[in-house]
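Only one structure is covered here, and it is reproduced in the block below.
Please treat every number below as a calculation from the coordinates, not as lab data. What you are looking at is a predicted structure, and each value in this text was computed from that prediction instead of being measured. Cβ: placed from backbone, ideal geometry, glycine included. Neighbour counts: every protein chain shown.
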Protein chains: 2
Amino acid sequence: MLENKDQSRTSLSELGEFKLIEHLTKQVKIHHDSTVKGIGDDCAVIEKSKKQTLVTTDLLIEGVHFDMSYTPLKHLGYKAVMVNLSDVYAMNGTAKQITVSIAVSNRFPLEALEELYAGIQLACNAYQVDLIGGDTTSSTKGMLISITAIGEANKEDIVYRNGAQPNDLLVVTGDLGGAYLGLQVLEREKQVFEVNPNAQPELENYSYLVERQLKPEARKDIVKLLKDLEVKPTAMIDISDGLSSEILHICKQSEVGCNLYEDKIPLDQQVISTCEEFNLDSTMVALSGGEDYELLFTISQEDFPKIKANPNLTVIGHITEASEGKNLVTRANQKIELVAQGWNAMNKDNL
Amino acid sequence: MLENKDQSRTSLSELGEFKLIEHLTKQVKIHHDSTVKGIGDDCAVIEKSKKQTLVTTDLLIEGVHFDMSYTPLKHLGYKAVMVNLSDVYAMNGTAKQITVSIAVSNRFPLEALEELYAGIQLACNAYQVDLIGGDTTSSTKGMLISITAIGEANKEDIVYRNGAQPNDLLVVTGDLGGAYLGLQVLEREKQVFEVNPNAQPELENYSYLVERQLKPEARKDIVKLLKDLEVKPTAMIDISDGLSSEILHICKQSEVGCNLYEDKIPLDQQVISTCEEFNLDSTMVALSGGEDYELLFTISQEDFPKIKANPNLTVIGHITEASEGKNLVTRANQKIELVAQGWNAMNKDNL
């Protein structure tokens with residue numbers, strides 16, 4: 001649908017594996033002196049560091065995590081990097097290197113992989129991350145991308161999920177629910193296209209939502225902002241599975257409860273209007289939608305003055321003793337138990 | 001064929017993703033104090049190090065890299081770790097941590113993943129490596145395993161592929177060709193089984209070969225041995241794609257040539273007898289078979305006395321000026337050009 005069908009095709013089997021990697025990575029730029037050796041040996045080599053090392057990995061699979069009919073490959077490459085960097089920023093760290101392993105079936109021409117790598121390199125350049133290795137192989141079906149990100153942070157700066165204390169404030173960056181609604185819009189357009197292949201996608205009114213779904217940005221800026229504001233969160237996590245799931249992770253690992261205020265959840269105007277159009281509950285979308293790649297963190301109340309004026313940050317609730325439970329306080333001032341629901345549960349039961 | 005069909009089955013969907021990871025990794029043992037935080041946060045955290053960090057990653061896909069009809073899942077998990085550790089040892093380093101990402105279709109029950117993880121943990125315990133993170137997700141088809149290994153080495157101990165000098169000796173560990181022949185034996189048994197499902201596999205005479213294929217061991221011992229012998233190779237690589245391909249990598253990156261002596265290539269007696277039975281050329285099997293996970297390295301001639309008595313190490317040739325080319329010197333004392341051939345090329349053209 002949004003794919004460029006017009007491309008010339010070069011079969012992957014024309015190149016061997018080594019030539020393919022060489023070809024795809026020849027424009028890789030190294031940003032860090034600490035990357036001693038990138039692609040081209042048995043291992044990449046990273047200079048010793050006075051900081052602790054952060055490691056995270058994510059696997060994206062066609063038909064499970066993305067749908068090629070509306071995901072441009074360049075965006076897919078970019079997003080696959082973001083998903084991983086987001087985990088590094090959620091530790092209050094700096095992302096430095098990534099490895100990228102890709103498997104593709106022979107239905108993909110070389111030009112498709114070039115597009116994918118263009119997106120990966122765009123992300124690497126924008127976020128100052130070095131592509132240092134990987135594996136490229138054939139698959140029996142579809143495409144998959146496995147990325148490992150390596151970052152670093154001073155020991156005293158690292159923020160885990162388990163440090164939230166009663167009375168801490170619960171803070172979220174940006175706004176929520178956009179990525180999930182973007183997916184709903186794209187799925188609707190796909191269905192229209194399947195009925196009428198000449199239909200043109202109508203995405204103008206949903207541009208923010210579609211961008212949130214297809215080209216999310218990891219919140220590197222928040223790590224810098226927190227440093228500038230001299231705020232160290234007591235706990236932090238990135239929002240990949242939906243706000244409620246992430247809050248519950250923090251509560252479980254910190255052994256605390258929370259009150260989350262429905263009327264405080266930040267929503268973009270496009271999220272609100274599109275929820276009305278799709279007859280969806282915007283709170284439920286924010287709580288369970290996922291893929292927003294915003295950061296959720298807790299701070300000590302005494303740090304509130306430092307963050308209160310910042311338009312990137314919204315206080316959405318506070319931490320309580322575990323015995324008080326994990327609650328959503330509704331607009332009608334009712335307390336209901338917060339439950340974790342991924343997309344699947346939401347699609348089936350809640351909307 | 002070799003699979004245990006008798007197992008009870010628990011559907012993966014009965015557990016959520018988080019419960020699944022918790023279940024599979026509850027027996028993970030941490031071997032290194034430097035593993036500050038393993039599974040359970042956005043990132044794993046590794047203590048700062050006075051050494052350089054080594055990073056390598058490999059992707060194994062069902063139907064491409066392994067065939068479930070004769071690969072026990074425990075062996076598969078073990079081998080997937082070995083493939084990665086082998087790359088760390090090929091840098092003359094120590095492997096410390098791994099991340100493991102797995103995707104499986106819903107045809108696999110929980111018990112299958114438990115078997116796979118049992119193999120992974122067996123490898124981690126045997127090689128003193130910490131499982132620090134990963135991703136577990138569903139696939140639309142089959143199983144895939146993506147592992148990233150992290151190791152370390154003193155800067156001055158790291159051996160790259162590009163340091164071989166003319167007159168250096170070319171040395172290989174162990175013996176070659178076994179893993180490829182093991183695969184041929186298993187493929188033959190699979191065909192027998194497909195014709196007659198009551199046939200019992202006849203593997204007694206091929207036990208070494210089958211073990212080389214299904215349960216290879218990465219040569220951690222060689223890194224220690226070289227240290228004990230006070231030998232630092234000038235270049236090193238592990239043998240995953242076949243001897244000739246790896247020699248050519250060293251020659252290309254070191255900008256040198258070589259003479260490899262056919263009669264020096266170490267072959268196990270079972271390799272020789274099985275080559276005769278299968279009507280295969282044993283030299284070709286060693287050169288192109290791959291998956292032996294032995295180490296290939298070059299040393300200065302003055303180090304020869306230190307290694308010559310060691311049964312683990314065989315001198316198979318020497319490095320020359322690039323202008324002399326990359327040659328196989330046959331038993332008939334003819335020089336022929338060494339060419340890289342993976343399994344596919346070998347299956348089609350050379351055997």
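I need to check one value: relative contact order of chain B, counting alpha carbon pairs closer than 8 Å and at least 6 residues apart, in percent. It would help to have the intermediate numbers written out before the result.
On the way: 728 pairs, mean separation 72.4, N = 351.
Taking the mean separation of contacting Cα pairs over the length of chain B, I get 21 percent.
Give me a comma-separated list of calculated 3J(HN,Hα) values for region B:139-151, in order, Karplus coefficients 6.51, -1.76, 1.60 applied at θ = phi - 60°, integers in Hz, x for any Gly or Pro.
Values, residue by residue: 10, 7, 7, x, 10, 9, 10, 10, 10, 10, 10, 10, x Hz.
Within 10 Å of each residue's Cβ, count the other Cβ atoms and sort A:Y208, A:Y78, A:Y127 from fewest upward. Mind showing how you got there, number by number?
Values: A:Y208 17, A:Y78 25, A:Y127 22.
Fewest-to-most Cβ neighbours within 10 Å comes out as A:Y208, A:Y127, A:Y78.
Taking R0 as 60 Å, what FRET efficiency do you get between B:E17 and B:E324 from their Cβ-Cβ distance, rounded to the nearest 0.05?
With a Förster radius of 60 Å, E is 0.60.
List A:S11, B:S273, A:S34 from most exposed to least, where exposure is judged by having the fewest other Cβ atoms within 10 Å.
With the fewest neighbours first, A:S11, B:S273, A:S34 line up as A:S11, B:S273, A:S34.
May I ask for the net charge around B:G242, where only other residues with Cβ less than 10 Å from the Cβ of B:G242 are counted and Lys, Arg are +1 while Asp, Glu are -1?
It works out to a net charge of -4.
Starting from a label point 7 Å past Cα on the Cβ side, list the distances from B:K19 to the same position in the other copies, nm, shortest first.
Here B:K19 shows inter-copy label distances of 5.1 nm.
Quick check on chain A: of the DSSP beta bridges with both residues there, what percent are antiparallel, nearest 5%?
The answer is about 75 percent antiparallel.
Once the label point is placed 7 Å from Cα along Cβ, list for B:K335 the distances to the corresponding points in the other copies, in nm, shortest first.
Values, ascending and in nm: 8.6.
Past 25 Å, Cα to Cα, is the threshold; run B:K96/B:K326; B:K51/B:K215; A:K96/A:K227; B:K224/B:K308; B:K96/B:K224; A:K252/B:K141 against it and keep the listed order.
From the list (B:K96/B:K326; B:K51/B:K215; A:K96/A:K227; B:K224/B:K308; B:K96/B:K224; A:K252/B:K141), the Cα-Cα distance tops 25 Å for B:K96/B:K326; B:K51/B:K215; A:K252/B:K141.
Quick one: of the DSSP bridges fully inside the protein assembly as shown, what percent are antiparallel, nearest 5?
Percent antiparallel among DSSP bridges in the protein assembly as shown is about 80.
Treating region B:12-154 as a set of equal point scatterers at the Cα positions, no solvent, please give the Debye-formula log₁₀ I(q)/I(0) at q = 0.19 Å⁻¹.
Summing over Cα pairs of region B:12-154 leads to -1.12.
For A:N327, which sequence-distant residues (separation of 5 or more, or a different chain) have an amide H within less than 5 Å of its own amide H, given hydrogens modelled in the peptide plane?
Residues meeting the criterion, in which the H sits 1.01 Å from N, are A:C258, A:N259, A:L260, A:L338.
Enumerate the calculated ³J(HN,Hα) couplings along region A:330-338 in order (Karplus 6.51 cos²θ - 1.76 cosθ + 1.60, θ = phi - 60°), each rounded to whole Hz, writing x wherever the residue is Gly or Pro.
6, 4, 7, 6, 9, 9, 10, 5, 7
When a footprinting reagent is the concern and you count Cβ atoms within 10 Å, what order do A:E211, B:E262 take, fewest first?
Result, fewest neighbours first: A:E211, B:E262.
From the gyration tensor of the Cα coordinates in the protein assembly as shown, what semi-axes in whole Å does the equivalent ellipsoid have, largest first, with each one equal to sqrt(5λ)?
Value: 48, 28, 24 Å, ordered largest first.
If I require 15 Å or longer along the helix axis, counting alpha carbons, and a Kyte-Doolittle average no lower than -0.5, what helices from chain A are left? Use full DSSP H segments.
Result, helices passing both filters: A:73-89, A:110-127, A:178-195, A:243-254.
Whole-Hz ³J(HN,Hα) for each residue in region A:231-240, computed from phi via Karplus 6.51 cos²θ - 1.76 cosθ + 1.60 with θ = phi - 60°, x for glycine and proline: what do you get?
In residue order, the calculated couplings are 10, 10, x, 8, 8, 8, 7, 9, 9, 9 Hz.
Please work out the ratio of the alpha-carbon Rg of region B:188-263 to 2.2 N^0.38 Å and round it to two decimals.
My calculation over the Cα atoms of region B:188-263 gives 1.66.
Quick query: amide H of A:T136 versus all other amide H atoms, modeled in the peptide plane; which residues come in under 5 Å with a sequence gap of 5 or more or a different chain?
A:I102
Show me, bin by bin at 10 Å from 0, the whole-percent P(r) of region A:19-84 based on Cα pairs.
14, 35, 36, 13, 1
For B:N92, what residues show an amide H to amide H distance below 5 Å, using hydrogens built from the backbone and excluding near sequence neighbours?
Those qualifying (amide H under 5 Å, at least 5 residues apart or on another chain) are B:V159.
Between A:G40, A:G163, A:G151, find the one with the highest GNM mean-square fluctuation for chain A; connect C-alpha pairs within less than 10 Å.
In this elastic network of chain A, the residue with the biggest mean-square fluctuation among A:G40, A:G163, A:G151 is A:G40.
Where the convex hull is taken over the Cα atoms of chain B, what is its projected area averaged over directions, in nm²?
19.0 nm²
From largest to smallest, what semi-axes in whole angstrom does region A:169-350 give when each is the square root of 5 times an eigenvalue of its alpha carbon gyration tensor?
Whole-Å semi-axes of the equivalent ellipsoid: 31, 19, 13.
Taking a label point 7 Å from Cα toward Cβ, how far is A:L225 from its twins in the other copies, in nm, shortest first?
For A:L225, the inter-copy label distances come out at 5.7 nm.
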